Amino acid sequence: LPTLRQLGVPCESVQHNRIDRVESRAAELARTHRRVFYLCDGVYSMHGDIAPVDDLFALLERQPKLWAYVDDAHGVGWAGRHGTGVVVGRRGVHERMVVALSLAKGFASSGAALVFGDREMARLVFTCGSTLIFSGPLQPPLLGAAIASAKIHLSDELPVLQKKAADRIELFDALLAERGLGPRSIEPSPIRFVQVGHENRALEVAALLRAAGYYVNVSAFPAVPRRRAGIRIVLTCHHTLDDVRGLVDELARVLPRKERDADLAPAERVMTER
Ligand SMILES: Cc1ncc(COP(=O)(O)O)c(C=O)c1O
């Protein structure tokens, strides 16, 4: 957004996933602007929640001046046909949509794929896009890794791997619910977030987990709101089911129920306010 603002593009924020609010602002702005872009993620990087993709497609149908740019970096690999994410892989691409698919996360390489619903927009970005003009080429080893990964994504192995990832997510969520910890997002994705509350306490919890052999991320302000820090876990096919069980056991041990209840209550309110 700062870069867009420097270019003189008026930008504003809309409450998380509130397609109704996007619609009312888009309708107002359409009176005075040729194009209105809604920028969002496919899978959100901290809580692992997912954009309301069907609602977004329906909105694009209702608002002819609205375009969507969806960053689906975290949808790649585990979601959708050939691992093309929660938008392209599940719904395709709308004619007024651009979807960015990073190859640096689930794809295990580097670089990205951009998917356009409009041929002219693709030509414009390819011809004028600043990173396509000025950045260096993708390094050959990464290109080799991307090709190898693409072959897996196009093969029959991918659905097997996706199922394996889904099993780990399902087990993690079930065990977390059993322990009263509850993941932050109800939508299944490999990113799971267990809210702790205070930033220092989240760091402490992560250190305790690391001492027990579990290396997790701490997610804190400004990536998430102040005082709603937490433990961010990224589940992969490399984890065994016992790894998942062990991690949840350890989480339950280091986060006593009383503390969780106290800290989770405000977050639940925020979720419903959204
Ligand atoms: C939502 C999102 N998009 C894109 C990226 C970066 O992707 P890339 O490394 O391909 O630029 C990140 C994080 O690194 C991210 O969280």
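The values are calculated or read from the model by the stated rules, or taken from the named source; none is laboratory data. None of these values were measured; they are calculated from a predicted model. For neighbour counting, all protein chains shown are included, and Cβ atoms are generated from backbone atoms with ideal geometry for every residue, glycine included.
In this structure, does Q63 turn out to be more than 14 Å from the ligand (Cβ to nearest atom) and without any contact (Cβ under 8 Å) to a residue 24 or more places away in the chain?
Values: more than 14 Å from the ligand (Cβ to nearest atom): yes; without any contact (Cβ under 8 Å) to a residue 24 or more places away in the chain: no.
When the stated conditions are applied, Q63 does not pass them.
Can you pull out every residue in region 151-165 that is without any contact (Cβ under 8 Å) to a residue 12 or more places away in the chain and either closer than 14 Å to V76 by Cβ or assigned to a helix (DSSP H, G or I) (or both)?
Let us first name the residues in region 151-165 that are without any contact (Cβ under 8 Å) to a residue 12 or more places away in the chain, namely 151-152, 155-157, 159-160, 163.
Hits for region 151-165 are K151, I152, E157, P159, V160, K163.
Return the only residue of L138, L114, L101, L132 being farther than 27 Å from H47 by Cα and surrounded by 12 or more Cβ atoms within 10 Å (Cβ to Cβ).
Details: L114 fails: farther than 27 Å from H47 by Cα; L101 fails: farther than 27 Å from H47 by Cα; L132 fails: surrounded by 12 or more Cβ atoms within 10 Å (Cβ to Cβ).
Within the list L138, L114, L101, L132, the selection yields L138.
Only one of A202, A220, A211 is without any contact (Cβ under 8 Å) to a residue 24 or more places away in the chain, over 23 Å from G77 (Cα atoms) and crowded, with 20+ Cβ neighbours inside 10 Å. Can you tell me which?
A220
Which residues, taken from region 174-224, are part of a loop (DSSP other than H, G, I, E, B) and farther than 24 Å from P52 by Cα?
Restricting attention to region 174-224, the residues satisfying the condition of being part of a loop (DSSP other than H, G, I, E, B) are 179-190, 198, 212-216, 220-224.
Once the filter is applied, which keeps residues that are part of a loop (DSSP other than H, G, I, E, B) and farther than 24 Å from P52 by Cα, region 174-224 yields R179, G180, L181, H198, A212, G213, Y214, Y215, V216, A220, F221.
Of the conditions (1) within 15 Å of the ligand (Cβ to nearest atom); (2) surrounded by fewer than 19 Cβ atoms within 10 Å (Cβ to Cβ); (3) closer than 25 Å to A166 by Cα, R90 satisfies every one except a single condition; which number is it?
(1)
Mind listing whichever residues of region 10-28 are farther than 20 Å from F57 by Cβ and part of a helix (DSSP H, G or I)?
Selection gives E28 alone.
Determine which single condition H82 fails, assuming it passes every other condition in (1) of a type outside the set (S, T, Y); (2) within 11 Å of the ligand (Cβ to nearest atom); (3) more than 17 Å from A68 (Cβ to Cβ).
Every listed condition holds for H82 apart from (2).
Would you mind telling me which numbered condition in (1) modelled with pLDDT of 95 or more; (2) more than 16 Å from the ligand (Cβ to nearest atom); (3) aliphatic (A, V, I, L, M) I133 fails?
Against the list (1) modelled with pLDDT of 95 or more; (2) more than 16 Å from the ligand (Cβ to nearest atom); (3) aliphatic (A, V, I, L, M), I133 comes up short only on (1).
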